[in-house]
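For reference, the structure discussed in these notes is given below.
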Amino acid sequence: QVQLVESGGGSVQAGASLRLSCAASGRTFSIYVMGWFRQAPGKEREFVAAIRLSDGDKYYADSVKGRFTISRDNAKNTVYLQMNSLKPEDTAVYYCAAGRTFTPRNVGYDYWGQGTQVTVSS
């Protein structure tokens, strides 16, 4: 099993920045990809970004491209999501995910964190 713990959420004004962290523990050797998803009230969970742990290859949703940056620190088994120029529509619970497939589809991930709330006010 792999455990994922997110941190770094909060409430900010539009245009501000936040950095989310996701620390993985347990059988981390079994995961090849880590990603971030988000879910706003009344909406389905949607893909935000993913990173392949071996080579750092990244994949972003169009809605966050150019504003969000995903990165990893393999020594710490931690993935980060730097979120700049935040908009009210970025408000959601952000979930960290880990799995073996480099994909934007949530079914491709085997492990999920509990989520961290990000609220952006106008």
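The values are calculated or read from the model by the stated rules, or taken from the named source; none is laboratory data. Predicted model only: the values in this text are computed from it and were never measured. Quick reminder, even Gly has a Cβ in these numbers, built from the backbone with ideal geometry, and neighbours come from all protein chains shown. Only protein heavy atoms, including side chains, enter the accessible area calculation; ligands, DNA and RNA are left aside. Shrake-Rupley method; radii C 1.70, N 1.55, O 1.52, S 1.80 Å.
Figures for the structure shown
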quantity: Computed FRET value (nearest 0.05) for Val5 with Thr103, which takes r as the C-beta separation and R₀ as 22 Å; calculated: 0.45
quantity: Contour minus Cα-Cα distance for Lys87 and Arg19 (0.36 nm per residue); calculated: 23.0 nm
quantity: The range 74-122 versus the range 12-49: alpha-carbon centroid distance in Å; calculated: 1
quantity: Accessible solvent surface per residue of the range 16-111, calculated while the other protein chains remain in place, 1.4 angstrom probe, Å²; calculated: 49
quantity: Cleavage-rule hits (trypsin sites (Lys or Arg not before Pro)) in the range 49-91: DSSP loop, at most 15 neighbouring Cβ within 10 angstrom; calculated: Lys65, Arg67
quantity: For the range 51-62, 3J(HN,Hα) per residue [Karplus equation, 6.51 cos²θ - 1.76 cosθ + 1.60, θ = phi - 60°, Hz, x = Gly/Pro]; calculated: 9, 8, 5, 6, 10, x, 4, 10, 8, 10, 6, 4
quantity: Cut-off under 5 Å, modelled amide H: who pairs with Gly115 long-range; calculated: Glu6, Cys96
quantity: Hz values of 3J(HN,Hα) by residue in the range 85-90 - Karplus curve (6.51, -1.76, 1.60), Gly and Pro given as x; calculated: 6, 5, 10, x, 6, 7
quantity: Partners for Lys43 among aspartates and glutamates (Cα-Cα distance below 13 Å; same-chain residues under 8 apart left out); calculated: Glu89, Asp90
quantity: The chain, accessible surface, carbon-and-sulfur percent (1.4 angstrom probe); calculated: 45
quantity: Those lysines that a straight Cα-Cα span of less than 25 Å connects to Lys76, excepting residues fewer than 8 apart in one chain; calculated: Lys58
quantity: Under-5 Å amide H pairs with Leu86, H placed in peptide plane, nonlocal only; calculated: Gly15, Ala16
quantity: Reachable lysines, given that their alpha-carbon falls under 18 Å from the alpha-carbon of Lys65 and they are not under 8 places away in the same chain; calculated: Lys87
quantity: Sum of side-chain charges, Asn84 neighbourhood, beta-carbon under 10 Å (Lys, Arg +1; Asp, Glu -1); calculated: +2
quantity: Residue of Gly42, Gly26, Gly99 that the Gaussian network model of the chain assigns the largest fluctuation, springs spanning Cα pairs under 10 Å; calculated: Gly42
